[in-house]
Number of protein chains: 2
Amino acid sequence: MSNEVVMKATLAQKAARIMNNVTTEQKNEALLVMADALVAASAAIIEANKLDLKRGQEQGTSSSMLDRLALDEKRIEAIANGLREIVQLPDPVGELLEQFERPNGIHIRKLRVPLGVIGMIYEARPNVTVDATGLCLKTSNCVVLRGGSAALESNRQIVAVLRSALENTALPADAIQLIENSDRSSVNEMLKLKGLLDVIIPRGGAALINNVVENSIVPVIETGAGVCHTYIDKDADVQMASEIAFNAKVQRPSVCNAMETLIIHRDFASLHLEQLIQKMIEAGVELRLPSPYDQQVKGSKLVTEQDYATEYNDYILNIAIVDSLDEALVHINRYSTKHSECIVTNNKALAERFIQEIDAAAVYHNVSTRFTDGFEFGYGAEIGISTQKLHARGPMGLPALTSTKYQITGNGQIRQ
Amino acid sequence: MSNEVVMKATLAQKAARIMNNVTTEQKNEALLVMADALVAASAAIIEANKLDLKRGQEQGTSSSMLDRLALDEKRIEAIANGLREIVQLPDPVGELLEQFERPNGIHIRKLRVPLGVIGMIYEARPNVTVDATGLCLKTSNCVVLRGGSAALESNRQIVAVLRSALENTALPADAIQLIENSDRSSVNEMLKLKGLLDVIIPRGGAALINNVVENSIVPVIETGAGVCHTYIDKDADVQMASEIAFNAKVQRPSVCNAMETLIIHRDFASLHLEQLIQKMIEAGVELRLPSPYDQQVKGSKLVTEQDYATEYNDYILNIAIVDSLDEALVHINRYSTKHSECIVTNNKALAERFIQEIDAAAVYHNVSTRFTDGFEFGYGAEIGISTQKLHARGPMGLPALTSTKYQITGNGQIRQ
């Protein structure tokens, strides 16, 4: 174990006792101070970010990755505004969830409490550093951040600004910790810190998430992997089906709620396949179809089993052709990551079966899967989208960053 | 991977799709049929149990362990009644948790759904086989049972009876699976079945639970480890303090909510130590005290650091002497497993600090820690007591065996 990881997690754990006693007002004030401090320190943050960008360019990082990494004044202002929006969200900590008296006179209350110390393991986007910190502090948690090495200079500067901002507030600066060792080893050390970290939330690609899930002995909230499907039934409206499929694939292909496979009823395909895919082809989507359809669509490829299991996050789309809803359900059950699944149909009974039988965080009827999102659900900022079934499922708002505690009071009751 | 573990988990996963569609009435009927079948098969179950008892005796199993393993008609009737009680509990599956419409017209519903397939890994008590199965089926889950080898014959017979009972109901017999390979290897195989098992719940001693927590890539709900404390403040009522401490230690020392360490304010100890411990000594409790108190109490030992970290589940009690609430909090923060912690005091402000600052599933004021229990809380049967902070904390009733699903309906909404 390196000194850094254990030492910083220990400092966070000590700070968690202070965080356990801060008020909503103190937290909100601290978030506003942090937002102002970020804007005031824009120049220094942009300087640090340039070092990351320079190293990225030297290492041949793709321009889209460099764009996600880049910070300017406008983006820093947007990040600061994200903190200000968190101020507006209701504070779940202290919420009374249940309260009752037992026949023996003991009084039981169940309240929301902070989780304690949250480990965040994520990739190169420096806005996550601020978003995650804001959400953790708002819920009276401490955070141990382990960002990607590509953003290390940016994260170091941002965290220095945030910690320094807390010096003038009721919140302890040690509530925010950044692991600066950017070796894989520091991630693996975090995964073993049971007793110091209360939960680990990984955000990033499949390799990052799988490493965390497979090696962590700290409880994990799994996020993000999305092999999402849209099933176009034979009774679908052609126009609606085309718009939903186009939106699910093309509006932002890089995100987890984008569609990877379009499943089409054979009858619908034989009449409307061309109309369904035309706009996508124009938008540059590469299509992978089963035989013989791959022969009919110019520039397409033959789809493979492996393709059906792949989250592209890109302008690539698999197509599957089925003869029934049952066949569509079998396909989805086989390849789904249980994130977001959609049926487009005017047949209400079929839609109800789909919604009931599909096992996923979010199941849609006649709506694009792209709506699986904390803001779109009206929950405000989210720490991620859970694809596991324990604790939280789907977009995770502030309550997902809390636990509960039973408080029992009486006057000497003993068990018989 | 052995064929048995993968094969049975796969059968359970298939059965989960059927379980996803059964009604409350069908589940309740099945539970009653199972209860009747157990009673009707008492003779065969007792025969099988005799084989386990015989092997246990030959292997030199302690008489208290043999007693926990033993089944007779009365115990089987009690186990069957446990199933009948589960029938009476409200069914959480399908419960509508949230429902709202967004400005764009999409309608969002959040409902409780089954977890899917639950892996239960537990030790020698055959009643757990029935209790866990009943709770899992009531929540529309399937269960893969891996009981201790000491109860293998009993479990085999019980599960055969339960599965056969389901043949005449709407529930699939494959919803109940028993892993009969009693090697450690079958446990370790279960821990790797991500995608087939949705959650693993370990119940048993620290070694069993730690093995599961450290090696599982399936999400785990940790249960049971309880190093519970009772703090007697200087302003405690002597009579109440004595009764609560005695109850917490002696009423049933083998369970997780029993007290392991009694923390006493020095002023209280100097006046009332003798009265506080007298009844415990009479009950045969071995006391371990710090110096110089160990010299003052006949038959006691000097307590060690290791003792303070130990869950005895036995007639052994550590004592710690402190000068303040703060010192008590430091001790508890250091050694607590965050299960159940108690303060006995008439000082309301101190009690409130204790309740607010202690991080545990259940925090008590003037009540024995022995009440941390699903029945005592009025929740009915419990699958275990969670000592983790994710998903469920404290006694886990039926809702802890569910997840949630978002159902989103609209008329062609796409994301802008």
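FYI, it's all coordinate maths here, none of it is from the lab. In this text the structure is predicted, and so the values were computed from the model without any measurement. As a convention, Cβ positions derive from the backbone with ideal geometry for all residues, glycine included, and neighbour counts pool all protein chains shown.
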Query raised in the report: With respect to the symmetry axis carrying chain A onto chain B, which residue of chain A exhibits the smallest Cβ distance to that axis, and what is the value in whole Å?
Result: A:His391, 2
Report task. Determine the shielding of peptide B:8-17 by partner chains: average, over its residues, the number of Cβ atoms on other chains within 10 angstrom of each Cβ. Result -> 1
Report task. Provide the gained length on full extension for the span A:Asn21 to A:Thr304, in nm with one decimal, where the gain is 0.36 nm per separating residue minus the Cα-Cα distance. Result -> 96.3 nm
Requested in this report: Find which of A:Leu302, A:Leu271, A:Asn247 sits farthest along the positive direction of the dipole of segment A:228-371, computed with +1 on the beta-carbon of Lys and Arg, -1 on that of Asp and Glu, about the Cα centre.
Outcome: A:Asn247
Query raised in the report: Can you list, shortest first in nanometers, how far B:Lys74 lies from the same residue in the other copies, with each label 7 Å from Cα toward Cβ?
Result: 8.0
**Report entry** Helix-derived mean residue ellipticity, 222 nm - over the protein assembly as shown, DSSP H n ≥ 4, -39500 (n - 2.57), to 500
**Finding:** -13000 deg cm²/dmol
Query - Derived scalar couplings ³J(HN,Hα) [segment A:75-84; Karplus, 6.51 cos²θ - 1.76 cosθ + 1.60; whole Hz; x for Gly, Pro] - result: 5, 5, 4, 5, 5, 4, 5, x, 5, 5
Query raised in the report: Once you average over the residues of A:367-373, how many Cβ atoms of partner chains fall within 10 Å of each Cβ?
Result: 6
**Report entry** Antiparallel bridge percentage (DSSP; both residues within the protein assembly as shown; nearest 5)
**Finding:** 30
Report task. Work out from phi, with θ = phi - 60° and the Karplus expression 6.51 cos²θ - 1.76 cosθ + 1.60, the ³J(HN,Hα) of each residue of segment A:141-152, listed in order in whole Hz, and give x for Gly and Pro. Result -> 9, 9, 10, 10, 8, 10, x, x, 5, 4, 10, 4
Query - Alpha-carbon Rg with Dmax, taken over segment B:263-318, Å - result: 11.0, 29
**Report entry** Other copies of B:Asp314: label-to-label distances in nm, shortest first, labels 7 Å along the beta-carbon direction
**Finding:** 6.1
**Report entry** Leading residue at positive end of dipole, the protein assembly as shown (Cβ point charges), from B:Gly397, B:Pro92, A:Thr387
**Finding:** A:Thr387
Report summary line: Given a Förster distance of 60 Å, the FRET efficiency implied by the Cβ-Cβ spacing of A:Glu357 and A:Asp183, rounded to the nearest 0.05, works out to 0.85
**Report entry** Set of lysines with alpha-carbon distance to B:Lys234 below 16 Å, sequence-local pairs under 8 removed
**Finding:** B:Lys348
Report task. Would you please classify the overall shape of the protein assembly as shown from the alpha carbon gyration tensor, given that a ≥ b ≥ c denote the square roots of the eigenvalues, rounded means a/c under 1.5, and beyond that prolate means a/b larger than b/c while oblate covers the rest? Result -> oblate
Query raised in the report: How much net charge surrounds B:Leu83 when only the other residues with a Cβ under 13 Å from the Cβ of B:Leu83 are counted, with Lys and Arg +1 and Asp and Glu -1?
Result: -2
Query raised in the report: What is the distance, in nm, between label points placed 7 Å from the Cα along the Cα-to-Cβ direction at B:Leu271 and at A:Lys279?
Result: 8.1
Report summary line: By the Cα gyration tensor axes a ≥ b ≥ c (a/c under 1.5 gives rounded; else a/b larger than b/c gives prolate, otherwise oblate), the shape of chain A is oblate
Report summary line: The size of the Cβ-based charge dipole (Lys, Arg +1; Asp, Glu -1) of segment A:232-384 about the Cα centre, to the nearest 20 debye, is 220
Query raised in the report: Dipole of the protein assembly as shown, Cα-centred, from +1 at each Lys and Arg C-beta and -1 at each Asp and Glu C-beta, to the nearest 20 debye?
Result: 200
Query raised in the report: Among B:319-328, A:305-314, how do they line up from the highest to the lowest mean number of other beta-carbon atoms within 10 Å?
Result: B:319-328, A:305-314
Requested in this report: Between A:Ala40 and B:Gln59, with labels modelled 7 Å along Cα→Cβ, what's the label distance in nm to one decimal, could you check?
Outcome: 6.8
Query - Taking segment A:228-371 and dividing mean pair separation by its residue count, relative contact order in percent (alpha carbons under 8 Å, at least six apart) - result: 34
Query raised in the report: What full-extension length gain, to one decimal in nm, is calculated for A:Glu101 and A:Ser291 as 0.36 nm per residue of separation minus the Cα-Cα distance?
Result: 61.8 nm
Report summary line: One would report the antiparallel percent of DSSP beta bridges in chain A, rounded to the nearest 5, as 30
Query raised in the report: Given H placed on each backbone N at 1.01 Å, which residues far from A:Asn366 in sequence or on other chains put an amide H within less than 5 Å of it?
Result: A:Ile343, A:Val344, A:Thr345
Requested in this report: Provide the FRET efficiency to the nearest 0.05 for the A:Ala173-A:Val238 pair, computing r from the beta carbons and using R0 = 45 Å.
Outcome: 0.15
Requested in this report: Shortest first and in nm with one decimal, please list how far the A:Asp326 label point sits from its counterparts in the other copies (point 7 Å along Cα→Cβ).
Outcome: 7.2
Query raised in the report: With contacts defined as alpha carbon pairs under 8 Å and 6 or more residues apart, what's the relative contact order of chain A in percent?
Result: 18
Query raised in the report: Among the trypsin sites (Lys or Arg not before Pro) within segment B:238-315, which fall in a DSSP loop and have no more than 10 other Cβ atoms within 10 Å of their own Cβ?
Result: B:Lys298
Requested in this report: With a/c under 1.5 counting as rounded, go ahead and sort segment B:228-371 into rounded, prolate or oblate using the C-alpha gyration tensor (a ≥ b ≥ c being the square roots of the eigenvalues; past the cut-off, prolate if a/b is larger than b/c, else oblate).
Outcome: rounded
Report task. Multiply the residue gap between B:Tyr315 and B:Lys14 by 0.36 nm, knock off their C-alpha separation, and tell me the result in nm, one decimal place. Result -> 103.7 nm
**Report entry** Distance between modelled label sites at A:Leu51 and A:Glu4, nm, 7 Å Cα→Cβ extension
**Finding:** 1.3
Query raised in the report: Near the amide H of B:Ser403, under 5 Å away, which other amide H atoms are found, from residues 5 or more places off or on another chain, if H is placed in the peptide plane?
Result: B:Val113, B:Leu115
Query - Rounded to whole Hz, the Karplus (6.51, -1.76, 1.60) HN-Hα couplings of segment A:276-286, x for glycine and proline - result: 5, 9, 4, 5, 5, 4, 4, 7, x, 6, 7
**Report entry** Qualifying aspartates and glutamates (Cα of each under 14 Å from Cα of B:Lys338; at least 8 residues distant if same chain)
**Finding:** A:Asp198, B:Glu222, B:Glu260, B:Glu311, B:Glu357, B:Asp359
Query - Nonlocal amide H pairs with B:Leu178, under 5 Å, H built at 1.01 Å - result: B:Leu145
Query raised in the report: Could you name the lysines in cross-link range of A:Lys298, using Cα to Cα under 18 Å and dropping any fewer than eight places away on the same chain?
Result: A:Lys279
